[in-house]
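Quick note: the coordinates plus some simple rules give every number you see, no bench work behind them. Since the model is a prediction, treat every value here as computed from it, not as a measurement. Because the Cβ atoms are built from the backbone with ideal geometry, glycine has one as well, and the counts that use them run over all protein chains shown.
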Amino acid sequence: MKRRRVLFIKLSQFRVFLRKCVTAVLFVSALAFMILSKADSLVLEKASNLTAAIFSPIIQFMQLPAQILYAGYEKVRDISNVYKQNVQLKNENLDMLMLKNQVRTLEIENNLLAELLNYQTPPEAQYISARVVAEEGDGFSHSLIAYIGNNNNIKQGQAVLGQESLIGRIENVMGSYAHIILLTDINSKIPVIIERSRVRAILSGDNTLSPKLLFTTRDADIMEGDLVSTSGVAGILPAGLSIGYIRHIEKDNISVKPLTDIESLEYVKIVNYNVFQGLAETKSEKEK
Amino acid sequence: MKDSMFEMVGFQFKRILPLFCSILILLAAHIPYHFNIAKYLIPDLGILCVYYWSTHRCDLFGVWSAFIFGLIADSLSTVPIGLNILTYLFVYVLANTFQNYISTRSFATGWGGLLLITLAAFSIKWLLASVYYSTFLPLSGIILSYSTTILLYPFIAWLNFMVQNKFLNNEEVLYEQGQ
C-alpha cells in the first residue's frame with residue numbers, strides 16, 4: 001500500500017511530530033498556569049472554581065453509601081456507650097451549672113465595667129454550619145470542601161471552626177460549595193496571640209499536622225502548653241477564637257498542636273464576622 | 001440508522017472510558033472517611049491511574065486526557081493550578097516512553113516501573129511546589145504519601161483492569177501508536 005506524504009514527510013512521522021508538539025505546548029501551558037496562579041489570575045480562579053463546582057456534587061453523591069455505613073456504625077457504638085455517657089453527662093452537667101452561675105456574675109460585672117469605661121463592643125459574629133463533602137490532604141496541601149447551600153453570607157477569608165476551635169478559613173466559594181483551607185496548609189497565615197503572655201505572632205501552616213509560629217522574638221514569653229488564639233488583627237477573624245496549644249519549642253521553631261482533630265471532621269461552623277461592615281455602620285450612625 | 005448511532009455512542013464512550021474511570025477514582029479519593037489516620041498517608045491515586053492507562057491503553061488515554069485529569073485534580077485541591085497537570089503530564093510521557101517494555105512484562109516489572117516513575121514525579125512535584133512557595137516543603141509527609149501510593153497500585157490496577165477487561169478487551173487500537 002502506498003504511504004501518504006505530507007510535505008515530503010510520511011504521515012505517521014508527521015503525526016508523531018504533531019503529538020510531540022502538542023505535548024510540549026501542554027507542558028508550557030501548565031507552567032504558565034502556575035505562574036498565573038502565583039499572580040492571582042481571576043480568570044484562572046474562576047475556571048478552577050467552575051470545575052470544582054461541577055465535581056463537588058459528584059463527590060457528595062459518591063459518599064452516600066459510605067455515609068450510611070458510617071451512620072450505622074456510629075449508632076451501634078452510641079448504643080453500647082449509652083450508660084457510660086449518661087454518667088459522664090450528669091457529672092458534666094453539675095460542673096456546667098456551677099460555671100453558669102459564675103459566668104452570669106462575671107457578665108454583670110463586665111457590663112458594669114464596660115459602661116463605666118464607655119467601651120464599644122465589637123460586632124457579634126454569625127455562625128453557619130456546613131457539612132464536609134470532600135477532604136484533601138497530603139504532603140502538598142490540606143483542604144476541605146463543604147456544602148453551604150444557597151447561603152450568600154459566606155465570603156472568602158471567613159473563619160471556619162471545628163468542634164472546639166479554629167480549623168481554617170474560606171479559600172473560595174464555588175456555587176453551593178466552599179473550599180476551606182486548613183490551618184495546617186502551607187498557604188495558611190493567621191494572626192494569633194498567646195493567651196497567657198499576650199505575645200503576638202503569625203501562625204503559619206507547613207503541610208504537617210503542627211503549624212508553626214512565626215515573627216516572634218527569641219526572648220518572647222512563650223512556654224510549652226500555652227494556649228494560642230486568634231488576635232483579631234487584620235479584622236477578618238474575630239479575636240479570641242481558640243486554635244491550639246504550644247506543643248514544642250526549639251531555637252527557631254515553635255510548633256502548635258490544634259485543639260480540633262482536623263483529620264476526622266464531619267461538620268464545620270463558618271464565622272461571619274464582618275468587622276469592616278460593622279465599622280462602616282458605626283461611622284454612618286455617628287454621622288447621622 | 002439507529003444501530004449505527006448506538007455504535008457511534010458506544011465507540012465514543014469507550015474512547016473516554018479510561019479518563020472517566022480515572023476521574024471517578026480521583027473523586028473517590030476525596031471522600032471524607034473520618035478515619036483517625038494521619039493526613040500524610042493519603043495516596044496520589046491520580047498518578048496510579050495515569051500510569052496504568054498510559055502503559056496499558058495509551059491509544060485511549062492521550063496527552064489531552066492527562067492534561068484534563070490534572071486540571072480537575074488541581075481544581076479540587078489548594079495546590080497552585082498547573083502543579084498536578086505538570087506531574088501527570090510528566091508521568092504520562094515517561095510511562096508512554098517505556099510503554100512497549102512495561103506492557104509486555106510481568107505485573108512486578110510494571111510495579112517496579114511505577115516505583116521509579118512515581119519517585120521522579122514526586123521529586124518534580126516537590127521541587128516545583130518548593131520553588132512556588134519559596135520554601136522547602138517538609139519531606140516526611142511526601143515520603144509517606146509516596147509509599148502509600150506505591151502500595152495501593154495493585155488495587156487500583158485491579159480496578160482499572162476490570163474496567164479494561166469488561167469494556168475494552170476487544171476494542172481495536174484507535175490511533176496508530178507512532179512510537
Number of partner chain Cβ atoms within 10 Å, mean per residue of B:87-94: 2
Between region B:95-171 and region A:241-262, the Cα center-to-center distance that results, in Å: 34 Å
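Assuming 1.306 mPa s and 10 °C, estimate D for region B:19-95 with Stokes-Einstein, Rh taken as the Kirkwood radius over Cα pairs, in µm²/s. Display every interim value, and only then the final one.
Numbers: Rh = 12.8 Å.
For these conditions, the coefficient is 124 µm²/s.
Most exposed first by the Cβ proxy, i.e. fewest other Cβ within 10 Å, how do B:ILE143, A:ILE193 rank?
The fewest-first ordering by Cβ neighbours comes to B:ILE143, A:ILE193.
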q = 0.06, 0.08, 0.10 Å⁻¹: log10 I(q)/I(0) that the Debye formula gives for the protein assembly as shown, counting C-alpha atoms only: -0.35, -0.59, -0.85
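For B:VAL93, A:VAL132, what's the fewest-to-most ordering of other Cβ within 10 Å of each Cβ? Intermediate values should be presented prior to the final figure.
Working: B:VAL93 17, A:VAL132 20.
The order, fewest Cβ neighbours first, is B:VAL93, A:VAL132.
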Hz values of 3J(HN,Hα) by residue in region A:220-236 - Karplus curve (6.51, -1.76, 1.60), Gly and Pro given as x: 4, 7, 10, 10, 4, x, 4, 7, 10, 9, 5, 8, x, 5, 5, x, 7
Directionally averaged shadow of region A:133-180, computed from the convex hull of its alpha-carbon atoms, nm²: 3.6 nm²
Dipole in debye (nearest 20) - the protein assembly as shown, about Cα centre, beta carbon charges: Lys, Arg +1; Asp, Glu -1: 1860 debye
Cα-centre dipole for region A:5-56 with unit charges at Cβ (Lys and Arg positive, Asp and Glu negative), debye to 20: 500 debye
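Using Cα pairs closer than 8 Å and at least 6 residues apart in sequence, work out the relative contact order for region A:126-275, in percent.
Numbers: 388 pairs, mean separation 38.8, N = 150.
With pairs under 8 Å counted, the relative contact order is 26 percent.
With a ≥ b ≥ c taken as the square roots of the eigenvalues of the C-alpha gyration tensor of region A:126-275, please select rounded if a/c is under 1.5 and otherwise prolate if a/b is larger than b/c or oblate if it is not?
It is prolate, given that a/c is not under 1.5 and a/b is the larger ratio.
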Relative counts (whole %) of C-alpha pair distances in chain B, using bins that are 5 Å wide: 1, 8, 16, 21, 21, 14, 9, 5, 3, 1, 1, 0, 0
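To the nearest 500 deg cm²/dmol, what mean residue ellipticity at 222 nm is calculated for chain A from DSSP H runs of n ≥ 4 alone, each contributing -39,500 (n - 2.57), summed and divided by the residues?
Here the helix-only value at 222 nm equals -14000 deg cm²/dmol.
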Average other protein chain Cβ within 10 Å of Cβ, residues B:14-24: 0
Peptide A:139-150, shielding by other chains (average Cβ, 10 Å cutoff): 5
Chain B: angle of helix B:2-29 to the longest principal axis, Cα-based, in degrees nearest 10: 10 degrees
